[in-house]
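Chemist: Would you mind keeping the following structure in view while I ask a few things?
Throughout, read-outs are computed from the coordinates displayed, never taken from laboratory work. What you see is a predicted model; the values in this text were computed from it and never measured.
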Amino acid sequence: MSTEPLEWVDLYSDQLYAYALRMVRSHDLALDLVQETFLAALAGKDSFESRSKEKTWLFGILKHKILDHLRKKDRHTSLDEHDEEKHAWEKHFNEQGKWTIPPGLWNAKAEDLFERKEFFDILEKCISRLTENLAHVFMLREIQEETSESVCQTLNISQNNLWTRMYRARTAIRECLEEHWFSDK
């Protein structure tokens, strides 16, 4: 072990907290998950084999803590939240299933956007506007790059449900980016 457990908080807590907050969108829960991460690491420090860096090991523990939380949370999602998603979705399409307002044209190159911090700030705000169900699926699949099978297993949902949620999340993010980023560009 390269550093002592007492140093972990000073060295890694801010980064772990920022990651947890992006994933669970709750200050208190993110703090709890980071604390649980440090406790689990302290309990397992003797089994750490130094095959990865300490920071990577701690992030791996946090990732599993977050996945465990999401598994539990998604099983208890209310029907009201699903109805809210459906209602928000209906504004995009007419009765024939066609776009009420077609997607806008983006003239920017993806490579240029990824170099701009302002774009990521807007993207993060757009993601934060998603319902929890859509945000969880989007974050697991697109940010954490989990496989579809893993996301379905974690959230206990079907492949069809996964792709429905991903489509809704991507559409909502696209709409938000068009309004807050591309409209001025």
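Chemist: How much length would be gained if the chain were fully extended between GLN35 and HIS180, taking 0.36 nm per residue of separation minus their Cα-Cα distance, in nm to one decimal?
Modeler: Details: separation 145, 0.36 × 145 = 52.20 nm, distance 3.52 nm.
Using 0.36 nm per residue and subtracting the Cα-Cα distance, I get 48.7 nm.
Chemist: Step through the residues of the stretch 161-167 one at a time and calculate ³J(HN,Hα) from phi using the Karplus curve (6.51 cos²θ - 1.76 cosθ + 1.60, θ = phi - 60°), rounding each to whole Hz and writing x for Gly and Pro.
Modeler: Karplus values, whole Hz, x for Gly and Pro: 5, 4, 5, 5, 5, 5, 4.
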